[in-house]
Protein chains: 2
Amino acid sequence: MSRHVLLDHGSGGRASYRMIKDIFLRHLENPILSGLDDAACIEAWPGTVVSTDTFTVDPLFFPGGDIGSLAVHGTVNDVAMLGARPMYLTCGFVLEEGLPLEDLEAVVRSMGRAATEAGVRVISGDTKVVPRGAADKMFINTTGIGRLLLDRPLSGSSAKPGDAILVSGNLGDHGLAVMASRSGLSFETAVKSDSAPLNGLIELLLERVEHVHVLRDPTRGGLATTLNEISAQSGVEMLVREAELPVRPAVREGCSLLGLDPLYLANEGRLVCLVGSGQAAEALDVLRSHPLGTEARQIGEASAGEAGRVVLQTAIGGKRFLSMLEGEQLPRIC
Amino acid sequence: MSRHVLLDHGSGGRASYRMIKDIFLRHLENPILSGLDDAACIEAWPGTVVSTDTFTVDPLFFPGGDIGSLAVHGTVNDVAMLGARPMYLTCGFVLEEGLPLEDLEAVVRSMGRAATEAGVRVISGDTKVVPRGAADKMFINTTGIGRLLLDRPLSGSSAKPGDAILVSGNLGDHGLAVMASRSGLSFETAVKSDSAPLNGLIELLLERVEHVHVLRDPTRGGLATTLNEISAQSGVEMLVREAELPVRPAVREGCSLLGLDPLYLANEGRLVCLVGSGQAAEALDVLRSHPLGTEARQIGEASAGEAGRVVLQTAIGGKRFLSMLEGEQLPRIC
């Protein structure tokens, strides 16, 4: 383990995982935290779910969103992925001295709109200002509280052999939109962030489909990392067919220009869903009936095989392992 | 209003208050947030209290504590001040690339100890790493969830004319310890931060004293700012006797050396308490019976008078208004 914090420690990939285990779990150990899901249930309030996330995206404003809407969507989605209805948010701001108040107001206005759209209320907030140079413009932490819609929370550990693996839409839009906007590139077809609140889509899905086993949002580390996590947590192997992966042509082009892989790009308005094999068609119908799921696809299946192994069947028929993100591809993407 | 964020906007004083009203409340308005207490009650979970705070203290380690223990104490105390028992914390870290992992581990270890001591559990966490220069070493957000010990939460708006104003101990230790440590000064008598979890002291007080009207921790902006807030929220005038204010000689000396006023220095292990006049002696006894309240004092009284007016009766017999903090005295003090 390196003796300093590296960008890689924030990637959401293997180094992040090691740091969390070696430092955070070691000193803050308790059964709830050790579950390592994106949100936690608290036993003193049965049916209550909590999740926290800090947003450091650069630039603050990008095509399709900004740090304010992202900070609402990100936490709303983490709460919803447990099978819960997000209800309340707290927000904590770190502001750099010299930030235009106009930018702050635009971000807060956007948070307000995103919160209204997602049906959540901001109930507690805090603002810290640090001297110029001690932070880059603005960071926002949001913590979300929600109510379970199911008897038990969904977890990354509940995938079963035979499950169908679905995604709700095109991959990589958020990551590419932010990277392109940061590097000053513009593509012929402008790519917009997919940032969106998925709680409505999830409620619909849970209402209509009985055997939803896992829900996850493939944010930092992208689809590849999320599938690796589920595979390891659930002890199932996964097969993913490259030909089925929905990636917009503009995202493919942008990725090859910037040297990025869309399977490792963060998404902020997409979900990965594992459902019992008999329910794949039904789940796809439900997802596609919602405005945020029109491009939903089945991309593969889980099998007994080896825990933590995700196999990509390439478009030309080969097979390779799809590993967790190694190294920081994209700092400050969310 | 200035068109850029100034350090003053983070002071906890008048500029902070204006920014919160003009920007945050304007776009995130709802009855819970508008209460402007340090923690919020959530009506969907009766008896549940939530509070969020971000810690940016510089340096990370200071006499008597570090950013980790401070991040636990600060939020534990905010929850407790509503008359609640803090139970759970979430934590969100922003780490600068290059931070020694040793420092991170020392901070997390300290959080773990502080959480154990305060009787709370860390149930959800998040870590973001930003490139070198995009943040200064480490920021931590903590969000606390607790259970009310009373039928209704305590609020800054419940002070009544005639109430006795008590403080639980010496003022200014935290602020001076951090400032001295930052500036490399050391005083003959080293001053240590008072950072401590006040939930135990508060439970004792609420158990034994019936008419506790207001509890507040005088953090950013110090005692003077906290009294001004309570005075405005409750519509009472306050008289504070300078001769009764407990300030250690070493803090007085350090303040005159650094040009600081102890009444505006942050405290992280002290509370201000307003109790019905008949209960002042009893409340003082209870406070003094606890290790964190041995230096408790009555410092003044509330009266009908003018809302938002805090009068200081000076040691030499004069009177002056004690205003809210104007201008940022101390950035990154908590």
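The values are calculated or read from the model by the stated rules, or taken from the named source; none is laboratory data. Predicted model only: the values in this text are computed from it and were never measured. So basically every Cβ, Gly included, is an ideal-geometry build from the backbone, and we count neighbours across all protein chains shown. Keep in mind that these areas ignore ligands, DNA and RNA; they rest on the heavy atoms of the full protein, side chains included. Shrake-Rupley method; radii C 1.70, N 1.55, O 1.52, S 1.80 Å.
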**Prompt:** Which percent of the Cα-Cα distances in the protein assembly as shown go past 35 Å?
**Reply:** 41
**Message:** I'd like the Kirkwood hydrodynamic radius of chain B, using the inverse of the mean 1/r over distinct C-alpha pairs, in Å.
**Reply:** 20.1
**Message:** Taking 8 Å as the Cα distance limit and 6 or more residues as the minimum spacing, I'd like the relative contact order of chain B as a percentage.
**Reply:** 25
**Prompt:** If you take every DSSP beta bridge whose two residues both sit in the stretch A:41-148, what share of them, in percent to the nearest 5, is antiparallel?
**Reply:** 70
**Filtered GluC sites (Glu not before Pro), the stretch A:139-237: DSSP coil and at most 15 other beta carbons within 10 Å** = A:Glu188, A:Glu210
**Asked** In Å², nearest 100, what accessible area do chains B and A bury in total when the solvent probe is 1.4 Å?
**Response** 6800
**Asked** Normalised by the number of residues in the stretch A:14-100, what is the relative contact order in percent for Cα pairs under 8 Å and 6+ residues apart?
**Response** 19
**Prompt:** Using a 1.4 angstrom probe on protein heavy atoms only, which residues from the stretch A:1-22 are buried by at least 20 Å² of accessible area when all chains are present rather than their own chain alone?
**Reply:** A:Arg3, A:His4, A:Val5, A:Leu7, A:Gly10, A:Met19
**Complete:** If amide H atoms are modeled at 1.01 Å from N in the peptide plane, then the residues at a separation of 5 or more from A:His4, or on another chain, having amide H under 5 Å from its own are B:Leu101
**Per residue accessible area of chain A, 1.4 Å probe, in Å²** = 36
**Where only alpha carbons of the stretch A:244-309 are counted, the Rg and the Dmax (Å)** = 14.3, 40
**Item:** Value of Rg to Rh for the stretch B:117-225 (Rh from inverse mean 1/r over Cα pairs, i.e. Kirkwood)
**Value:** 1.02
**Complete:** Taking placed amide H atoms and a strict 5 Å upper bound, the residues 5 or more places from B:Val122 or on another chain that come that close are B:Leu89
**Request:** Taking amide H positions as placed in the peptide plane 1.01 Å from N, state which residues far from B:Gly305 in sequence (5 or more) or on other chains have amide H under 5 Å from it.
**Result:** B:Glu237
**Asked** Mind checking Rg over Rh on the stretch B:214-334, alpha carbons, Kirkwood formula for Rh?
**Response** 0.95
**Message:** Residues of the stretch A:65-98 that become at least 30 Å² less accessible with every protein chain present than in their own chain isolated, using 1.4 Å: which are they?
**Reply:** A:Tyr88, A:Thr90, A:Val94, A:Glu97, A:Gly98
**Complete:** So, with points 7 Å from each Cα along the Cβ direction, the A:Glu43-A:Lys319 label distance in nm works out to 4.2
**Request:** Among B:Val251, B:Ser234, B:Cys273, pick out the residue whose Cα is farthest towards the positive end of the charge dipole of the stretch B:198-334, where Lys and Arg carry +1 and Asp and Glu carry -1 on C-beta, about the Cα centre.
**Result:** B:Val251
**Surface accessible to a 1.4 Å probe, A:His290 within the full protein complex, Å²** = 40
**Carbon/sulfur fraction of accessible area - the stretch A:164-321, other protein chains in place, 1.4 Å, %** = 48
